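The values are calculated or read from the model by the stated rules, or taken from the named source; none is laboratory data. The shown structure was predicted, so the numbers you read here are calculated from the model rather than taken from an experiment. Note that each Cβ is placed from the backbone with ideal geometry, even for glycine, and that neighbours are counted across all protein chains shown.
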Ligand SMILES: Cc1cc2nc3c(=O)[nH]c(=O)nc-3n(C[C@H](O)[C@H](O)[C@H](O)COP(=O)(O)OP(=O)(O)OC[C@H]3O[C@@H](n4cnc5c(N)ncnc54)[C@H](O)[C@@H]3O)c2cc1C
């Protein structure tokens with residue numbers, strides 16, 4: 001049974017030294033056989049498990065995670081959420097996710113600290129302004145809230161920003177998605193884990209998948225560092241290692257894996273009311289509830305599986321930020337980290353069944369998959385349960401790399417996110 005969280009419970013536990021809380025999910029031992037196994041205990045994997053159990057009645061399933069749940073990109077990202085992508089296919093999946101974010105805390109009875117504080121995408125020249133205005137119109141046609149602000153309105157919405165005309169990269173306007181924002185990454189993973197575990201899903205940590213077993217072109221199980229598990233369905237949700245897992249089943253993907261870094265400043269009083277992103281200077285920034293500025297940029301140029309990244313990228317990131325916010329120049333940086341992101345040629349994800357029966361892949365979200373977490377899990381669960389992608393997932397199968405029907409989102413995928 002899932003324990004309920006409420007203000008009363010919090011108050012009572014506060015008086016009792018917080019000794020009455022039970023673990024939020026079961027740390028399960030692997031069983032010999034499951035109806036489906038999800039590889040990867042990030043946000044997407046946990047969401048997939050939850051929706052498989054809650055909407056498709058598949059409860060004899062497991063999530064296997066090589067480290068601890070939420071220790072991958074889920075725990076490393078800067079949590080920017082928006083749905084203002086250019087093409088209809090992307091708009092549909094990211095808006096599906098945004099609608100699920102709205103109300104997810106109530107559905108899962110867990111405070112995911114969702115903050116719809118608004119996301120600004122800045123324009124620094126006429127060409128960029130034209131492109132952003134086109135995106136606003138495309139968004140509106142898809143029913144997505146989106147507006148264009150001039151420089152004065154940008155300043156009103158985000159007071160610390162420098163809009164002076166003699167700035168290195170003058171700001172002449174921006175798009176604003178008011179429903180966009182940020183949330184708390186750990187809380188999202190824990191919320192899904194808790195809800196999935198309560199429905200019977202086994203969450204198996206410290207269990208690395210080392211091979212995928214097939215017979216006559218169909219999945220029969222997986223080899224892990226904690227033994228063999230038999231299963232007819234394997235669903236990979238392993239951002240950063242999608243192609244590594246795919247190769248275990250003999251599937252090749254057009255994915256490149258790059259480090260992506262972020263860093264935070266020392267905490268300061270609330271100064272940034274929104275998320276600000278600039279493609280041209282290549283930096284973005286928001287402020288966490290603890291007061292730290294959360295700063296990110298683009299990917300490191302080289303391919304790598306190390307969760308670090310180079311100093312030159314951070315240097316560029318900071319100098320780009322200071323073009324927009326010169327007053328941050330005296331802040332000290334507190335910590336830096338990196339994750340590995342799987343990037344597809346068209347900057348769109350892969351949600352697909354494969355030539356190997358029972359082997360499904362959800363990956364290639366690149367630098368911007370956090371915002372899709374609930375939507376991605378929702379449509380992927382549908383694919384795994386029904387063996388066919390639904391209307392939202394259909395444009396993102398791997399067939400598009402043969403047919404040429406790419407969903408080329410490099411522009412709206414923006415500065416990394
Ligand atoms: C620095 C940074 C900033 C970002 N900022 C944003 C942002 O602001 N907004 C946004 O939308 N997106 C952002 N992203 C991208 C986003 O984090 C990812 O797209 C998203 O989290 C991917 O979700 P996931 O659950 O698939 O990944 P993960 O959380 O990485 O989950 C995959 C899991 O698979 C596990 N795994 C891998 N191999 C194996 C194996 N062999 N056996 C078992 N388990 C395995 C890993 O340990 C990992 O826990 C950012 C990414 C980074 C790195």
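Touching a helix residue (DSSP H, G or I) at 6+ places or on another chain (Cβ under 8 Å), over 17 Å from residue 76 (Cα atoms) and at pLDDT 95 or above: which single residue out of 326, 273 fits that description?
273
Considering segment 142-183 alone, what residues qualify as being over 26 Å from residue 368 (Cα atoms) and at pLDDT below 95?
165, 166, 167, 168
Please return the ranges of helices (runs of 4 or more DSSP H) entirely within segment 337-417 where 3 or more residues are in contact with a strand residue (DSSP E or B) (Cβ under 7 Å, 6 or more places away or on another chain), touching a residue at least 12 places away in the same chain (Cβ under 8 Å) and more than 13 Å from the ligand (Cβ to nearest atom).
373-386
Might you let me know whether segment 6-18 holds any residue that is under 30 Å from residue 177 (Cβ atoms), more than 8 Å from the ligand (Cβ to nearest atom) and part of a helix (DSSP H, G or I)?
no
Tell me the helices (runs of 4 or more DSSP H) entirely within segment 86-162 that contain at least 3 residues that are under 19 Å from the mean Cα position of the chain (by Cα) and either outside the structural domain of residue 191 (by TED's automatic domain parsing) or free of Cβ contacts under 8 Å to residues at least 60 places away in the same chain (or both).
So the answer is 88-101, 104-108.
Condition first: within 14 Å of the ligand (Cβ to nearest atom), buried (at least 20 other Cβ atoms within 10 Å of the Cβ) and under 30 Å from residue 347 (Cα atoms). Can you find one or more residues in segment 218-225 that meet it?
The answer is yes; a qualifying residue exists.
Against the condition surrounded by fewer than 18 Cβ atoms within 10 Å (Cβ to Cβ), within 15 Å of the ligand (Cβ to nearest atom), assigned by TED's automatic domain parsing to the domain that holds residue 192 and farther than 30 Å from residue 150 by Cα, how does residue 41 come out, does it pass?
When the stated conditions are applied, residue 41 does not pass them.
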